[in-house]
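The values are calculated or read from the model by the stated rules, or taken from the named source; none is laboratory data. No experiment lies behind these values; they were computed from the predicted model shown. Glycine gets a Cβ as well: all are built from the backbone with ideal geometry, and neighbour counts include every protein chain shown. Heads up: the accessible areas ignore ligands, DNA and RNA and are worked out on the full protein's heavy atoms, side chains in. Shrake-Rupley method; radii C 1.70, N 1.55, O 1.52, S 1.80 Å.
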Amino acid sequence: MMTWGGILCLNADRSFPMFTHLPHVLRHGELPPESKQSIPDILTTFGSDVAAAEFFAEGMTGASLGNFNLLARSFPFARYTSLGDLGGSSGCLACCVAAAHPHLTATTYDLAPVHAAAERHVRAQGLEGRVQVVDYDFFSPAAVPGRHDVIALGMVLHDWGLPRKMQLLRKAYAALPPGGALIAIDHLVDCRRAGSPLQLGMSLTMLLEFGAAESAFDYSYEEFCGWVREVGFSSTQLIDLVGTAKAAVAYK
Ligand SMILES: C[S@@+](CC[C@H](N)C(=O)[O-])C[C@H]1O[C@@H](n2cnc3c(N)ncnc32)[C@H](O)[C@@H]1O
């Protein structure tokens, strides 16, 4: 059973050691090669290492459980019938929403290494039958496999640079019916990138994790609104979650 404590282990093993290389990163724009021995590459972690992917999923569950329980109560899920969570990891969001809204079904989509951990999490919540676990690469040309009127991207947009952020937003837009909603959960920075030190620390962590070539970053609500309008969404909404976390919502 996954618990809150996973985020402490993830920070201890990945995020804090990464910051010991900050002087090198500031001089050279990326982590030193020797750091790869102690901090597994993030894309290998996601894509091909089951033990590392499960460890990462435990960390994310710890980080996200409070936000997802609050989102399940704060967003009007009563108006919707099906949630698709892209990059859903352990299935934490899908389970929180399905548990709070018995009329609704949910699918958690992620890469194959996290599949077994997600199945275990869904079973532990007693939600088999209402929450499906599906392997799906969200950068593949294939459309989102299921039909959903809500698509979520929980702590996913901040993992990528602008081109891939836009690719994900276009994919979500294409998958939703008119009236459908996209929910992006992240630690949104202020629009001047000056007054939100915790969120900017998260943004720097993403830059260190994904490297200069990807240039991942945390973003502001104003940036989110501009991107989703460009993609075609018609209106937006901001929902406060725990601490600095927010849900940025775009309606099709
Ligand atoms: C930062 S975690 C967020 C997990 C979860 N949504 C949360 O907020 O707790 C990013 C997730 O995206 C998944 N991911 C990365 N690349 C992916 C891809 N190409 N297709 C599907 N999922 C991917 C990772 O495996 C990981 O579970």
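For the chain, the number of Lys pairs with C-alpha atoms closer than 24 Å, counting only pairs eight or more positions apart or on separate chains, is 4. Of the listed residues Val50, Val228, the order by accessible area with a 1.4 Å probe, largest first, is Val50, Val228. Hey, how many Å between the Cα centroid of segment 99-149 and the Cα centroid of segment 165-186? Each part's Cα centre sits 17 Å from the other's.
Solvent-accessible surface of segment 63-251, averaged per residue with a 1.4 angstrom probe and all protein chains in place: 39 square angstrom.
Computed over segment 133-252, the convex hull of the alpha-carbon atoms projects to a mean area of 7.7 nm².
For segment 66-218, the residue among Met206, Leu162, Phe75 whose Cα projects farthest onto the positive side of the dipole built from Cβ charges is Phe75. Surface calculation, 1.4 Å probe, protein heavy atoms: Asp190 sits at approximately 40 Å² accessible.
The residues neighbouring Glu119, those whose beta-carbon lies less than 13 Å from its own, together hold a net charge of -2 under the Lys/Arg +1, Asp/Glu -1 convention.
Per-residue ellipticity at 222 nm from helix content only, as computed over the chain with -39500 (n - 2.57) for each DSSP H run of at least four residues, stands at -13500 deg cm²/dmol. Here the chain has 58 percent of its accessible surface on carbon and sulfur atoms, given a 1.4 Å probe and all protein chains in place.
To the nearest 20 debye, what charge dipole does segment 20-133 have about its Cα centre, counting +1 at the Cβ of each Lys and Arg and -1 at the Cβ of each Asp and Glu? Walk me through the numbers before you get to the answer.
Values: 7 positive and 10 negative charges, 93 e Å.
With Lys and Arg at +1 and Asp and Glu at -1, about 440 debye.
In percent, how large is the relative contact order of segment 63-251, given Cα pairs closer than 8 Å and 6 or more residues apart? Provide the component values of the computation, followed by the final result.
Values: 364 pairs, mean separation 36.8, N = 189.
After rounding, I find 19 percent.
Once the piece of chain linking Ser38 and Leu162 is laid out straight, how much longer is it, given 0.36 nm per residue of separation minus the C-alpha distance between them? Mind showing how you got there, number by number?
Working: separation 124, 0.36 × 124 = 44.64 nm, distance 2.85 nm.
Full-extension gain reported as 41.8 nm.
Both radii were evaluated on the Cα set of the chain; the Rg over Rh quotient, with Rh as the Kirkwood radius, amounts to 0.94.
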